[in-house]
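The structure appears below as structure tokens.
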Ligand code: AHM
Ligand code: MG
């Protein structure tokens, strides 16, 4: 948990439906259209000429994520100068050390999403409970996110990312934390921002997967990749082989088969590893093991959004036995094994695990 933030943020369970407005927050804008127009050419945080989605209100939420990402990216680039290195000394709800940039990233995402006046509630990897914003029909979206993924790479200036998923707020029932426990198939859009040698915003909608590169002159995302699809073949596999001895025989065999056919690349930042494999062809693996049977990655904030991107790009994502997008979380911070990337590679991994471990 992030102790300080836990006190400041109210959970949906037992909380006031309308939460605080942070001091120093810029005034909220009225809606999707207005947010878009207001942003164009303004404080340095906008998007392409055509927007991210044809739906104005969904576009406004995507715009908010893009603007938050630009701020997180700026802090990332300045980490050593901006006091963003190192941990806060706290431990989050996952039992992991909270980094300074995690806390700041959370604050930034939360602020921009509130400003849309379209988000009913949000849930983050960094907070123990979901946050209710406004429980009414004028706020049609739920947003889940990991504001800073790959935290262990911050202090060594290696690529990190942000991950998000956007769901429709179900009508006709009051918001509860359980409202977030929905299968990834229900996402309206999902994606990530990569803070690498370029800052790239990758968005999957019902239509397709596009990528936008940040133009630092004017701080605008410009569409640079349209209708992304996984190329054929498996150029790369990405997995932390330090855990080899803890894996099941099926996972060990699947990784051995990958070694024979693809080159290994592992950054240790999910967004970076996923993005390379998306553009070049390949597969990312974070299996469960004897110490952590469900693996490390979170279903809601990491696996489901990237599974949505992967499938829209012609790829696949599984937990070794089931499609990730079909899994309904039982808890907000539930973990899952994850195999995601080129469809043929994921299918082959699933088959090897099934035949090897199923036979034991
Ligand atoms: P985080 O959300 O705390 O940063 O952890 C998730 C990260 C992923 O980006 C990455 O794939 C994984 O942890 C690496 O874990 P490991 O160091 O065990 O290989
Ligand atoms: Mg993460």
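What follows is calculated from the coordinates using simple rules that are stated; it is not laboratory data. The model shown is predicted, which means the values in this text are computed figures rather than measured ones. Methodologically, a virtual Cβ is constructed for each residue, glycine included, from the backbone with ideal geometry; neighbour enumeration extends over all protein chains shown.
General remarks:
- The stretch 217-260, Rg to Rh (Cα coordinates; Rh as Kirkwood inverse mean 1/r): 1.27
- Diffusion coefficient (Stokes-Einstein, Kirkwood radius over C-alpha pairs, 20 °C, 1.002 mPa s) for the chain: 105 µm²/s, rounded to a whole number.
- Debye intensity ratio I(q)/I(0), log10, the stretch 55-97, q values 0.14, 0.17, 0.18 Å⁻¹ (C-alpha model): -0.54, -0.69, -0.72
- For the chain, the longest principal axis of the C-alpha atoms and the axis of helix 56-77 are separated by about 80°.
- Extension gain (nm, one decimal) between residue 198 and residue 290, 0.36 nm per residue minus Cα-Cα: 29.4 nm
- To the nearest ten degrees, helix 343-358 and the longest principal axis of the Cα atoms of the chain are 60 degrees apart.
- Note on residue 96/residue 217: beta-carbon distance plugged into 1/(1 + (r/R0)^6) with R0 of 35 Å gives a FRET efficiency of 0.45.
- Order of 139, 275 - criterion: other Cβ atoms within 10 Å of each residue's Cβ, fewest first: 139, 275
- Antiparallel %, DSSP beta bridges [both residues in the stretch 236-357], to 5: 65
- For the stretch 236-357, the average shadow cast by the Cα convex hull is 6.7 nm², which is a quarter of the hull's surface.
- Antiparallel DSSP beta bridges within the chain, percent to nearest 5: 80
- Residues of the stretch 291-305 with an amide N closer than 16 Å to a point placed 7 Å from the Cα of residue 242 along the Cα-to-Cβ direction: 291-292, 295-297.
- Among 69, 318, 80, 248, the order by Cβ neighbours within 10 angstrom, fewest to most, reads 80, 248, 318, 69.
- In the stretch 301-357, the C-alpha radius of gyration followed by the widest Cα-Cα span (Dmax) gives 11.2, 31 angstrom.
- The alpha carbons of the stretch 65-141 give a radius of gyration and a Dmax of 14.0, 43 Å, in that order.
- Only helices enter this figure: runs of n ≥ 4 DSSP H residues, each worth -39500 (n - 2.57), summed and divided by the residues of the chain, yield -9000 deg cm²/dmol at 222 nm to the nearest 500.
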